[in-house]
Amino acid sequence: MSNNRIEKLRKKASLVKQIDAPSILAVDLNDILESNIKVTKLIDEIDSLDKKDELEDLLINLEIELDHINWHYKSFKKQLSKLYE
């Protein structure tokens, strides 16, 4: 995880005063970005797989990354909802 990227996002998010923890937004966005890169790599790997068990492992890893994105999306959405309260 790039601390520089997170710090830049945190500074931008801190401009929104209603959000209690702008660093949460920064971490969520960074993790979504990094997971997206992993998902892309996993999808690209599908063509190179020869065995069923390799495909099953890849699909499990893909599901884990998608769950990770979903978790951060919900966290991000929760922080944004505080803006509309």
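Since every read-out is calculated from the coordinates, none of them should be taken as a lab result. What you are looking at is a predicted structure, and each value in this text was computed from that prediction instead of being measured. No Cβ is skipped: glycine too gets one built from the backbone with ideal geometry, and neighbour counts run over all protein chains shown.
Between LEU33 and LYS77, the modelled label-to-label distance comes to 2.2 nm, taking each label 7 Å out from Cα in the direction of the beta carbon. I need the fraction of alpha carbon pairs in the range 46-85 separated by more than 12 Å, rounded to a whole percent. Every Cα pair in the range 46-85 considered, those over 12 Å come to 66 percent. The slack in the chain from ASN4 to ASP57, taken as 0.36 nm per residue of separation less the alpha-carbon distance, amounts to 15.8 nm. Our estimate of slack between HIS68 and ASP44, defined as 0.36 nm per intervening residue step minus the Cα-Cα distance, is 6.7 nm. Electrostatic tally near LEU62: other residues with Cβ closer than 11 Å to its Cβ, Lys and Arg +1, Asp and Glu -1, net -4.
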